[in-house]
């Protein structure tokens, strides 16, 4: 009886035909990842718990949780290496106008050695109901990147070297757009960021010194195993000209609608584990640990991430008719 009630409430009962459809969708997205141009890769901050941080990447995600949502992610990468990346992400978004429009604000602060990038963006999304269970969201983001190179804090051989007497700062525009197709069982999206490519340093202008256009593909689905267990695989690919392609694959399980746990693999780069818990109907906390598989594996003590997500849906005891898994 418990199983029947749970499956009916979640609307997750899948016929064999439905299962084949979702498997086909997952394989199509995975094929897109594998066949992407090999000369592309990522330069922006990465997150192991990317599935909880969608708005910071895709503006079309704004408002899709049907509640005012606040999300925070803190990542300390390659512990033990001086100047290793440290990243903090904060995102706030909500639906308006009878849930047809979503708006949001996101900020990402990324520090690598003497270089600090702060990305600030306003997100806007418009949603179209394709069917009773399927929604297409189209989004755009606009903001700025504040780039700072702390030259004065570096130790140099010639103390009076004029190239190290002042820090370098530059504020450049940041525009992006994306699409997000979702139901209560699966989602898939693609997006482009930094549509306006900008030179950081005119003196040393080169492809490596420019804010380059980035491309992302995301996808995932939920598969109910029984009344207590749900399986959710997700994938993310990131690409930018001039760097290796980055692909993330994560496999997660949800137990009793409360505890998430699973593993991730960033192809050729890192592997790790994820754990998240729903404290109540509103608050979710998560932790992730990953370790390098590259030449850096013996030089650091791994990477740590802490995630907080809060839905402002009223009292914690308020009944959730349709639980959200992404």
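The values are calculated or read from the model by the stated rules, or taken from the named source; none is laboratory data. Model, not experiment: these values are computed from the prediction. Heads up, the Cβs are rebuilt from the backbone with ideal geometry, glycines too, and the neighbour counts pull from every protein chain shown.
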Segment 48-60 - residue that is outside any helix (DSSP H, G or I) and under 13 Å from residue 90 (Cα atoms) and, of those, modelled with the lowest pLDDT: 57
Strands (runs of 3 or more DSSP E) wholly inside segment 61-114 containing at least 3 residues that are touching a helix residue (DSSP H, G or I) at 6+ places or on another chain (Cβ under 7 Å): 86-96, 101-112
Any hit, segment 97-109, residues being touching a residue at least 60 places away in the same chain (Cβ under 8 Å) and either closer than 22 Å to residue 263 by Cβ or surrounded by 16 or more Cβ atoms within 10 Å (Cβ to Cβ) (or both): yes
Condition check for residue 272: surrounded by 16 or more Cβ atoms within 10 Å (Cβ to Cβ), under 14 Å from residue 77 (Cα atoms) and either more than 18 Å from the chain's Cα centre (by Cα) or in contact (Cβ under 8 Å) with a residue 60 or more places away in the chain (or both): yes
From 166, 146, residue being in contact with a helix residue (DSSP H, G or I) (Cβ under 8 Å, 6 or more places away or on another chain), more than 14 Å from residue 64 (Cα to Cα) and at pLDDT below 95: 166
Any strands (runs of 3 or more DSSP E) falling wholly within segment 229-280 and containing at least 2 residues that are in contact with a helix residue (DSSP H, G or I) (Cβ under 6 Å, 6 or more places away or on another chain): 229-240
Number of positions in segment 60-91 that are under 22 Å from residue 190 (Cα atoms) and within 14 Å of the chain's Cα centre (by Cα): 8
Residue 281, sole failed condition from (1) without any contact (Cβ under 8 Å) to a residue 40 or more places away in the chain; (2) over 30 Å from residue 66 (Cβ atoms): (2)
